[in-house]
Amino acid sequence: MTNTGKPYKSPKGHPVVICDFDDTTAMENVAEMLLEEFGDCKWKEFRNIHQSNEISLMEYQELAFGTVSADRNTLKSFVRQTATLRDGFKPLFEFCSSENIPLVIVSLGLDFYIEALLEKEGLETIPYFAADTSFTEKGITYDYRYKWEGCWQPGNCKCLVLDLYRGLGYSPVIFAGDGTSDICPAKKSDVVFARRFLETYLSRNGLSFYKLSDFFHVIEILKVISTETKRGVNNCD
């Protein structure tokens with residue numbers, strides 16, 4: 001069963017960790033791994049068109065996965081065999097669980113491959129917000145339940161999820177990402193861990209961030225935040 005994200009209310013001043021999936025939580029771009037293995041050669045043409053800004057990421061994704069005929073179980077099995085978590089993500093989950101800090105995944109990608117890697121690692125309880133898929137005789141269909149009409153791109157909106165958690169009292173927001181779709185949530189977050197394109201963008205625009213190589217550094221920063229939060233609560237008493 002799909003572990004769909006569902007925020008819950010928190011005490012004021014309680015942090016939340018929000019992570020992109022492909023090339024961030026996962027070491028690899030899992031979507032492209034699947035397309036390389038199961039798609040036909042046309043998927044790269046669609047990627048080139050997207051990279052030329054002629055179509056959106058959502059449109060590219062639907063066109064590219066339209067070349068895939070394998071079923072859900074086959075695709076998930078491949079992910080479990082080949083995809084890996086970035087170093088430190090599982091310890092991050094364990095630390096967050098011990099401190100009652102929500103750790104969630106936001107992605108413009110597809111639910112089944114996120115689900116497969118989390119299942120492989122025994123992390124099924126982590127909420128994730130992604131495109132919902134159904135496998136039919138005519139191919140994959142998509143449902144974008146986290147759309148926001150004011151978003152600059154079609155499909156799910158990462159900032160919508162971020163705003164949901166902040167609106168429920170979670171603060172500070174710690175965000176980790178790597179791509180163009182991570183620029184907006186990075187700007188809205190209190191602490192940012194970045195790599196690849198996002199790292200370059202933030203650096204060129206003079207915006208503060210930590211370089212993301214693994215998630216152990218995220219744990220270190222969270223420990224500082226948790227200590228400061230607890231000290232603040234005790235001072236109030």
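Project the alpha carbons of segment 34-102 onto their principal axes and report the range along each, largest first, in whole Å.
Ordered largest first, segment 34-102 gives principal extents of 45, 29, 18 Å.
Report, to two decimal places, the Cα Rg of the chain normalised by 2.2 N^0.38 Å (N = number of residues).
Values: Rg = 17.9 Å, N = 237, 2.2 N^0.38 = 17.6 Å.
Here the answer is 1.02, to two decimals.
State the Cα centre-to-centre distance between segment 159-227 and segment 101-122 in whole Å.
18
In which sequence would 171, 107 go, from the one with the fewest C-beta neighbours within 10 Å to the one with the most?
On the way: 171 16, 107 27.
Lowest to highest Cβ neighbour count: 171, 107.
Would you mind ranking 142, 165 so that the residue whose beta carbon has the fewest other beta carbons within 10 Å leads the list?
Numbers: 142 16, 165 24.
Fewest-to-most Cβ neighbours within 10 Å comes out as 142, 165.
Assigning unit charges at the beta carbon (Lys, Arg +1; Asp, Glu -1) and nothing else, what dipole magnitude in debye, to the nearest 20, does the chain show about its Cα centre?
Details: 26 positive and 34 negative charges, 151 e Å.
The calculation lands at about 720 debye.
Show me the ranking of peptides 180-192, 201-213 by mean Cβ neighbours inside 10 Å, starting with the highest. Show your work: numbers first, answer last.
Values: 180-192: 19.9, 201-213: 13.6.
For the peptides 180-192, 201-213, the packing ranking is 180-192, 201-213.
Starting at 0 and stepping by 10 Å, how many percent of the alpha carbon pairs of segment 154-228 end up in each bin?
The distribution over segment 154-228 is 19, 48, 30, 2, given as percents.
Helix 158-167 against the longest principal axis of the chain: what's the angle in degrees, Cα atoms only, rounded to the nearest 10?
Approximately 30 degrees, to the nearest ten.
Pairs 188/223; 42/188; 76/147; 76/223; 147/187: which exceed 29 Å Cα-Cα? Present the calculation step by step, with values, prior to reporting the outcome.
Working: 188/223 21 Å; 42/188 36 Å; 76/147 25 Å; 76/223 34 Å; 147/187 19 Å.
Over 29 Å Cα-Cα: 42/188; 76/223.
By how many degrees, 0 to 90 and rounded to 10, does the Cα axis of helix 42-51 deviate from the longest principal axis of the chain?
50
Roughly how tilted is helix 72-82, in degrees to the nearest 10 and between 0 and 90, from the longest Cα axis of the chain?
60
What relative contact order, as a whole-number percentage, does the chain give when Cα pairs under 8 Å and 6 or more residues apart are counted? Before the final figure, lay out the partial values.
Details: 371 pairs, mean separation 60.7, N = 237.
26 percent.
Using every alpha carbon pair in segment 50-162, what percent of pairs falls into each 5 Å bin from 0 up to the bin containing the largest distance?
The percentages, shortest bin first, are 2, 10, 18, 20, 20, 16, 10, 4, 1, 0.
Readers should treat all values here as calculations from the given coordinates under stated rules, not as data from a laboratory. None of the values given here were measured: they were computed from a predicted structure. For neighbour counting, all protein chains shown are included, and Cβ atoms are generated from backbone atoms with ideal geometry for every residue, glycine included.
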